[in-house]
1. Within the stretch 63-118, how many residues turn out to be more than 19 Å from Arg37 (Cβ to Cβ) and modelled with pLDDT under 95?
2. Is it the case, given these coordinates, that Ser110 is among the polar types (S, T, N, Q), in contact with an Asp or Glu (Cβ under 9 Å, 6 or more places away or on another chain) and without any contact (Cβ under 8 Å) to a residue 60 or more places away in the chain?
3. Please go through the stretch 5-27 and give me each residue that is at pLDDT below 95, within 22 Å of Asp68 (Cβ to Cβ) and part of a helix (DSSP H, G or I), ordered by number.
4. Kindly indicate which of Glu162, Glu171, Glu141, Glu167 is more than 22 Å from Ile91 (Cβ to Cβ), touching a residue at least 24 places away in the same chain (Cβ under 8 Å) and surrounded by fewer than 17 Cβ atoms within 10 Å (Cβ to Cβ).
5. Of everything in the stretch 26-59, what is free of Cβ contacts under 8 Å to residues at least 12 places away in the same chain and of a type outside the set (A, V, I, L, M)? Give them in sequence order.
6. Look at the stretch 28-41 and say how many of its residues are closer than 19 Å to Met104 by Cβ and either among the basic types (Lys, Arg) or assigned to a loop (DSSP other than H, G, I, E, B) (or both).
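The values are calculated or read from the model by the stated rules, or taken from the named source; none is laboratory data. Since this is a predicted model, take the numbers as computed values, not measurements. Glycine also receives a Cβ, built like all others from the backbone with ideal geometry; neighbour counts cover every protein chain displayed.
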Amino acid sequence: TRVAVLISGSGTNLQALMEQVKKPSSSAEIVVVISNRPGVMGLKRASMAGIQTRVVDHKLYGSRAEFDGTIDKVLEEFGVELVCLAGFMRILTGPFVRKWSGKMLNIHPSLLPSFKGVNAQKQALQAGVRVTGCTVHFVAEEVDAGAIVVQEAVPILVTDTEDSLSERIREAEHRAFPAALELVGSGAVKLRDDGRIVWNQSV
Ligand SMILES: Nc1nc2ccc(CNc3ccc(C(=O)NCCCC(=O)O)cc3)cc2c(=O)[nH]1
């Protein structure tokens with residue numbers, strides 16, 4: 001499976017995905033890394049791994065549609081079959097999301113549907129929950145509301161700060177995202193037309 005990873009910054013999840021696809025058991029290949037911001041660490045990680053990179057700077061586009069259209073052209077240029085959003089911080093438009101429906105995954109640092117949006121870790125701390133985690137889901141038009149593929153629970157310790165909790169969630173993300181990539185990339189998990197998840201049993 002030809003995979004594109006979209007980033008906006010450091011790309012620690014990108015690193016985890018790059019390590020996963022190098023495993024002999026993996027059927028996936030990261031063919032391009034696209035960032036909406038120039039000069040970020042994730043681009044350097046990709047280049048060091050010999051992966052092609054592209055910058056599509058959202059500030060240079062008059063509309064979200066044009067920005068998304070340029071990203072779509074890059075995805076087509078590389079024959080991409082699966083898109084992974086790894087800390088990608090731009091909301092994507094309906095037409096783009098619909099085109100890539102069932103072929104685009106995002107990772108969110110909470111157990112969705114709890115704590116959608118930005119600073120999910122802080123929301124969990126402030127809510128006083130004792131368990132949070134991370135979620136890999138198919139990207140739907142409604143933000144952080146797509147069908148769930150993989151989740152991993154993470155305990156919140158009484159000594160936790162936003163930073164210590166974020167670090168523990170990140171470790172879970174680095175397991176959950178590669179696992180979800182393999183499930184969808186291998187066809188074990190699909191998104192049904194009605195928006196539900198289907199696990200493809202052999203018989
Ligand atoms: N339509 C769709 N697109 C997405 C784009 C990125 C992410 C990643 N998670 C994200 C979730 C929330 C945001 C957000 O609210 N950022 C501040 C506003 C930035 C902007 O103006 O663009 C960004 C990424 C998820 C989605 C999604 O679930 N659906």
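1. Total meeting the criteria: 1.
2. In short, yes.
3. Hits for the stretch 5-27: nothing passes.
4. Exactly one of Glu162, Glu171, Glu141, Glu167 is more than 22 Å from Ile91 (Cβ to Cβ), touching a residue at least 24 places away in the same chain (Cβ under 8 Å) and surrounded by fewer than 17 Cβ atoms within 10 Å (Cβ to Cβ), namely Glu162.
5. Gly39, Lys44, Ser47, Gly50, Lys59
6. Residues flagged as closer than 19 Å to Met104 by Cβ and either among the basic types (Lys, Arg) or assigned to a loop (DSSP other than H, G, I, E, B) (or both) within the stretch 28-41 amount to 2.
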